[in-house]
Amino acid sequence: METQDILKHFFPEDLLTHFDLTDIREQAGKLVFCLDEKQQIPDDFPPGDYEAKSFTEGKSLNDFPLRGK
């Protein structure tokens, strides 16, 4: 089984389409998944020059229990 297949059980549908998993670590008895937004422009955006600024801070999301279980 591939890592991507396993992660689909933890994250909302299509999240990994827009984000890359960069790290998994245990912190205070919890699993912390670190994600970075992919630098890609959606197909439905009009043509033009776009620039990723990457200026927002990370966010913490709490989700329990496992998705759909």
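A few notes on this one:
- Selection within the stretch 16-41 - surrounded by fewer than 10 Cβ atoms within 10 Å (Cβ to Cβ) and touching a helix residue (DSSP H, G or I) at 6+ places or on another chain (Cβ under 9 Å): none
- Scanning the stretch 23-44 for residues that are assigned to a loop (DSSP other than H, G, I, E, B) and either at pLDDT 85 or above or under 25 Å from Gln4 (Cβ atoms) (or both) turns up Ala28, Lys38, Gln39, Gln40, Ile41, Pro42, Asp43, Asp44.
- Scanning the stretch 1-59 for residues that are in contact with a Lys or Arg (Cβ under 8 Å, 6 or more places away or on another chain) and among the hydrophobic types (A, V, I, L, M, F, W, C) turns up Phe10, Phe11, Leu16, Phe19, Leu31, Val32, Cys34.
The values are calculated or read from the model by the stated rules, or taken from the named source; none is laboratory data. No experiment lies behind these values; they were computed from the predicted model shown. Quick reminder, even Gly has a Cβ in these numbers, built from the backbone with ideal geometry, and neighbours come from all protein chains shown.
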